[in-house]
Amino acid sequence: MKLLPSKMDLKTALEVFAVFQWTLSIVMIITTVILVNLYLVVFTPYWPVTVLILTWLAFDWKTPQQGGRRVNCVRNWKLWKHYSDYFPLKLLKTHDISPSQNYILVCHPHGLMSHSYFGHFATESSGFSKIFPDITPYLLTLGAFFWVPFFRDYLMCSGCCSVSQSSMDFLLTHKGTGNMLVVVVGGLAECRYSLPGSTTLVLKNRTGFVRTALRHGVALIPAYSFGETDLYNQYIFPPGSLGNRFQKLFQRMVHIYPCAFYGRGFTENSRGLLPYARPVTTIVGKPLPVPKIENPSQEMVAEYHTLYTDALCKLFDQHKTRFGISETQELVIA
C-alpha cells in the first residue's frame, strides 16, 4: 500500500496550488476586502479601520501610474516556478535588445486570463532577466485592479502598473532607459475569440500603443503566445438564445463581453476554473524602430500601425508550424 505521496505527486500538487492561488486571487481578495470592510462598517464599531484603508488608498492613488512598487523577492518566489511548470510556459527571443533604449512589447493574443504574460513578465519563472539582461519589464493592466486595497499591492510587488496613458508616459520619461512596457492590446474584447485553435486578434482599431510609441520615439516589439487560447474552452450560445441575448446586453451596458468559459478542476478529468495543463510558448520578435514625433498625424499612426501588423503576421507565419498550426492558417485581424 502506498502511504506517502511520491515526489511527482508533490510536484503536481504544488503546480496546481500555484496556478489556483493566482487564478482565483482576483476574486478571492476582492470579495474578501469588500465583505470584511462592509462587516466592519455595518456590524462593528471598528469602522475607523475602513476609513484608514481608504485614506491610504487616496494617498497612494497615483503610485500604479508612477512606476508601481516592485519587490524583486516577490518576483522570485519559488511558487512562480511551480506556476510556470504547470503548463509549462516558455519564453523565446528572436533578437537581442539594447538596454540603452526603451520599448513597448505588444503581446497577442489576450486569452481569457493572460496566464503566459503574467508568468513571463510579472515573475522571473521564465528567466526574463537572463533572456533580456538589464531590461526592466512593466506588465500593464487594467487601472480598475488598482482600486482594490491589498490586491493592488500584490500586483505592484510583481512589477505591474496601470495601462493608462499617464502611466505609460511616466515610465517612458521618468525611468531612464532599458524599460519594456508590456501591453496586451486585445484586452477583454479579445476574450470572446479565445477558443482552442483560434488565431483571431482584436487589433484593427487599436492604435493607441502606436501613437504612444511615436510620441516617445520608442521601438515596438511584436510577441505572440502560441497556446494561450488553448488553456480554456468556451460554451458558445446559439444566436438568439437567452444566453446569447444576455451576453449582448451585458456588452452594451458595460462594454465587456461575458464569456461562459471553463477549464479543469482539481482532478484531471473534471471541470473547473483552472487552465488546462497545455504548453504555451511566447515568441518575442524583432524591434520595429519608430521615429519620435510629438504630435503624430492620423496618417502617420495608420502607417506605423500597418508596419507593426505586417511584422506581427510575419512573426506568426515564421513560427506557426512549430506549434501545430497549419501552413495555410493565418492571423485574422478584427
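Does residue 160 satisfy the criteria of being buried (at least 24 other Cβ atoms within 10 Å of the Cβ) and within 28 Å of residue 36 (Cα to Cα)? The answer is yes for residue 160.
Annotation: of all residues in the stretch 107-147 being assigned to a strand (DSSP E or B) and closer than 19 Å to residue 65 by Cα, the one that is farthest from the chain's Cα centre (by Cα) is 136.
Restricting the stretch 296-312 to residues that are within 28 Å of residue 131 (Cβ to Cβ) and either small (Gly, Ala, Ser) or surrounded by fewer than 16 Cβ atoms within 10 Å (Cβ to Cβ) (or both), the residue that is nearest to the chain's Cα centre (by Cα) is 311.
Contact map, the stretch 37-60: residues that are open to solvent by less than 70 Å² (accessible area, probe 1.4 Å) paired with residues that are of a type in the set (Phe, Trp, Tyr) and in a helix (DSSP H, G or I), Cβ distance under 6 Å, separation 6+ or inter-chain. Pairs shown: 40/47.
The criterion of at least 3 residues that are of a type in the set (Asp, Glu), more than 23 Å from residue 123 (Cα to Cα) and over 18 Å from the mean Cα position of the chain (by Cα) is met by none of the helices (runs of 4 or more DSSP H) falling completely within the stretch 37-96. Scanning the stretch 166-218 for residues that are part of a helix (DSSP H, G or I), within 18 Å of the chain's Cα centre (by Cα) and among the hydroxyl-bearing types (Ser, Thr, Tyr) yields 167, 193. Taking the stretch 124-152 as the range and being buried (at least 18 other Cβ atoms within 10 Å of the Cβ) and within 20 Å of residue 175 (Cα to Cα) as the test, the residues that pass are 128, 132, 135, 136, 137, 138, 139, 140, 141. Give the stretch 242-263 a look and list any residue that's over 28 Å from residue 209 (Cβ atoms), open to solvent by 30 Å² or more (accessible area, probe 1.4 Å) and not in a helix (DSSP H, G or I), or say none. Residues satisfying the conditions are 260, 262. In this structure, does residue 295 turn out to be polar (S, T, N, Q), under 21 Å from residue 24 (Cβ atoms) and either modelled with pLDDT of 80 or more or assigned to a loop (DSSP other than H, G, I, E, B) (or both)? It is false that residue 295 is polar (S, T, N, Q), under 21 Å from residue 24 (Cβ atoms) and either modelled with pLDDT of 80 or more or assigned to a loop (DSSP other than H, G, I, E, B) (or both).
Scanning the stretch 318-332 turns up no residue that is open to solvent by 30 Å² or more (accessible area, probe 1.4 Å), among the aromatic types (Phe, Trp, Tyr) and over 29 Å from residue 82 (Cβ atoms). Looking across 293, 283, one residue alone is surrounded by 15 or more Cβ atoms within 10 Å (Cβ to Cβ), under 30 Å from residue 88 (Cβ atoms) and among the β-branched types (Val, Ile, Thr). It is 283. Within the stretch 173-188, does at least one residue satisfy the condition of being open to solvent by 30 Å² or more (accessible area, probe 1.4 Å) and at pLDDT below 90? Yes - at least one qualifying residue is present in the stretch 173-188. When each of 294, 299, 327, 268 is tested for being acidic (Asp, Glu), in contact (Cβ under 8 Å) with a residue 60 or more places away in the chain and out of contact with any Phe, Trp or Tyr (no Cβ under 6 Å at 6 or more places or on another chain), the lone residue that passes is 294.
The values are calculated or read from the model by the stated rules, or taken from the named source; none is laboratory data. None of the values given here were measured: they were computed from a predicted structure. Please note: Cβ atoms are built from the backbone with ideal geometry, for glycine as well, and neighbour counts cover all protein chains shown. SASA here: full protein model, heavy atoms, side chains in, ligands and nucleic acids out. Shrake-Rupley method; radii C 1.70, N 1.55, O 1.52, S 1.80 Å.
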